[in-house]
Number of protein chains: 2
Amino acid sequence: MASRPFHHGNLRVVLLEQAEAMLREGGVGGLSLRELARQAGVSHGAPRSHFVDRQALLDALAEQGFNRLTDNLRTALRTPGTLEEQARLVGRAYVDFAVHDAALMDLMFAAKQDAPSGPIHEAALRLFQVFDQALARESTQSPADDARERFKLLFTATMQGTATLLASRRIDRPQAEKLIDDAVDVLLASELGGRLLSG
Amino acid sequence: MASRPFHHGNLRVVLLEQAEAMLREGGVGGLSLRELARQAGVSHGAPRSHFVDRQALLDALAEQGFNRLTDNLRTALRTPGTLEEQARLVGRAYVDFAVHDAALMDLMFAAKQDAPSGPIHEAALRLFQVFDQALARESTQSPADDARERFKLLFTATMQGTATLLASRRIDRPQAEKLIDDAVDVLLASELGGRLLSG
DNA sequence: ACCTGAACACCGTTCAAGT
DNA sequence: ACCTGAACACCGTTCAAGT
């Protein structure tokens, strides 16, 4: 009876923390609700009080992942510099996150069959808004034009792809670094980038 | 005894085919060896003769996926046209595959902790070689320069990212189409693209 | 409101045995 | 060489019962 669970009221938080570590260790397949309960010192049915099923836990992890990545990018953007410098910093932060938490990233960008709504999608929207704000700060572009949106998508897609290629070991770190630099160069020097900065 | 298994010598092929469909239905989590055996009309231990464990089946699926995607891209490249037109076709083929077989794509680009070797990695190399050949056909670039390699990585990363964003419903089809077009435009008009085509 | 613990159906893996 | 079927440990989920 000395092993009474010590997380009164925050078992949910503890489970999420442990689940993130477990995800980092053994991927989605290695994530077990029962093992999680064991580590937390509660019965195997206890997680049910906080997550209706395994998928609900995975969803919560994905949402939390989006929020954390959003924070990371905001932190990177707090460093003063030109748009080019900031773009490199954001790109590196994005890729770093994706490599450090590859399985979590898979969860965040897993193919869903359900409708695009709910807290995960909203957290993803907040992530993409970071790019909007960063571009709006430097851009003289009128909001009516879609150049900013297209630039943002192009940048996001390239960083996401770089992250996937690196996390899956299809390319190595130096290649990824050069890829980010090339992407920033090409995008900023493009006609799209020009319209954005001096439109 | 009327239900004698009819796949003498090709149970492996049958299992892989069914597994691909199962993957398309319910994702990696929904892929069960026992269910697979049931559908094939064999005992639950039978797959063991062809795949040492579940991971071996997943690896075989990933390798097969790379080979099929390689074929799809080669087919797209068989259509005559300018480099720009071919790049759009290849981009669409890449993204189409990623959306139709999203779970398989996840398997192909899953984060592996083991060393980058083996049949999967070789199949991935063959995929990327398709881009090399396509660029070599149109390029006057000397092979010593790394412009072609950097162009290839940039293109691949962008298509991979677009595929992920679309498969995860972060963007929709029209946005993905425009994204591919923008990427091709920006890349071909870039200094890097210029060096590639007229170097 | 939150947690326990038995119960159920399912799973991957192993392995001796068959053909 | 390939397949069978029992055995084992593990899992997610449900649910009545406790506090």
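FYI, it's all coordinate maths here, none of it is from the lab. Keep in mind it's a predicted model, so treat the numbers as computed, not measured. Ideal geometry is used to build each Cβ from the backbone, glycine not excepted, and the neighbour counts take in all protein chains shown.
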Tell me, for the rotation carrying A onto B, which chain A residue has the beta-carbon closest to the axis and what that distance is in whole Å.
A:GLY161, 2
If we hang a label 7 Å off Cα along the beta carbon direction at A:ALA189, how far is it from the matching labels on the other copies, in nm, shortest first?
1.4
Over chain A, what is the relative contact order in percent, taking alpha-carbon pairs closer than 8 angstrom and at least six residues apart?
21
What's the FRET efficiency of A:ASN67 with B:ARG12 using the Cβ-Cβ distance as r and R₀ = 51 Å, to the nearest 0.05?
0.70
Please list, in order along region A:172-185, the HN-Hα scalar couplings obtained from phi with the Karplus expression 6.51 cos²θ - 1.76 cosθ + 1.60 (θ = phi - 60°), rounded to whole Hz, x for Gly and Pro.
9, 4, x, 4, 5, 4, 5, 4, 4, 4, 4, 4, 4, 4
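Would you calculate a helix-derived [θ] at 222 nm for chain B, using -39,500 (n - 2.57) for each DSSP H run of n ≥ 4 and dividing by the full residue count, to the nearest 500?
Per the formula, -23000 deg cm²/dmol.
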Relative to chain B, whose Cα atoms define the longest principal axis, helix B:11-26 and its Cα axis are tilted in degrees, nearest 10, by 70
What shape does the protein assembly as shown have by the C-alpha gyration tensor, where a ≥ b ≥ c are the square roots of the eigenvalues, rounded means a/c under 1.5, and otherwise prolate means a/b greater than b/c and oblate the rest?
oblate
Suppose R0 equals 35 Å; then what is the FRET efficiency for A:GLU191 and B:VAL99 from their Cβ-Cβ distance, rounded to the nearest 0.05?
0.75
What does the C-alpha gyration tensor say about the overall shape of region A:58-198? Classify as rounded when a/c is under 1.5, otherwise prolate if a/b is larger than b/c, or oblate.
oblate
Any idea what angle helix A:83-100 forms with the longest principal axis of chain A, computed on alpha-carbon atoms, 0 to 90 degrees, nearest 10?
30
How far apart are the B:ALA56 label points across copies, placing each 7 Å from Cα toward Cβ, in nm, shortest first?
3.9
Can you list the copy-to-copy distances for A:GLU122, using a point 7 angstrom from Cα toward Cβ, in nanometres, shortest first?
5.1
Taking the Cα centre of the protein assembly as shown as the origin, how large is its charge dipole in debye, to the nearest 20, when only Lys and Arg (+1) and Asp and Glu (-1) carry charge on their Cβ atoms?
1160
Degrees between helix A:54-78 axis and first principal axis of chain A (Cα, 0 to 90, nearest 10):
40
